[in-house]
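The structure appears below as structure tokens.
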Amino acid sequence: MQTIRVETPSAKYNVMAGSGLVESLGPRIERVVGKLPRRVFVLTSAPIWGLWGQAFLSSFAEAPIVMFLPLVRNTKGSKVWNTCCGRWRRRAGIAAAC
């Protein structure tokens, strides 16, 4: 696994790249936040979920909430994604993948 540090004016975070990360996502989130939040959710699209959904689900003892959003191909659609991600993170205070 490789860790890449990302630093922007508005955020600093690590990105992990490597094989087997999706299957170990649940325990990795738990290590970062101390314990898994009561409700983990993921915002995704059907094509991405089709590729990674089963592996993603297998890493959690309790299945997360999965929300499907339409594919976006323009700036307006990207703003919808960003708005949804931000609102869910603030309201729930939980881990999310956008």
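The values are calculated or read from the model by the stated rules, or taken from the named source; none is laboratory data. Quick caveat: nothing in here was measured; it's all calculated off a predicted structure. In this analysis, Cβ positions are derived from the backbone assuming ideal geometry, glycine residues included, and neighbour counts consider all displayed protein chains.
Scanning the stretch 38-48 for residues that are surrounded by 16 or more Cβ atoms within 10 Å (Cβ to Cβ) and of a type outside the set (Ser, Thr, Tyr) yields VAL40, PHE41, VAL42, LEU43.
Within the stretch 1-44, count every residue that is of a type in the set (Gly, Ala, Ser), closer than 19 Å to ALA55 by Cα and in a loop (DSSP other than H, G, I, E, B).
3
Is it the case that PHE60 is modelled with pLDDT of 80 or more, surrounded by 13 or more Cβ atoms within 10 Å (Cβ to Cβ), not in a helix (DSSP H, G or I) and not acidic (Asp, Glu)? The answer is yes for PHE60.
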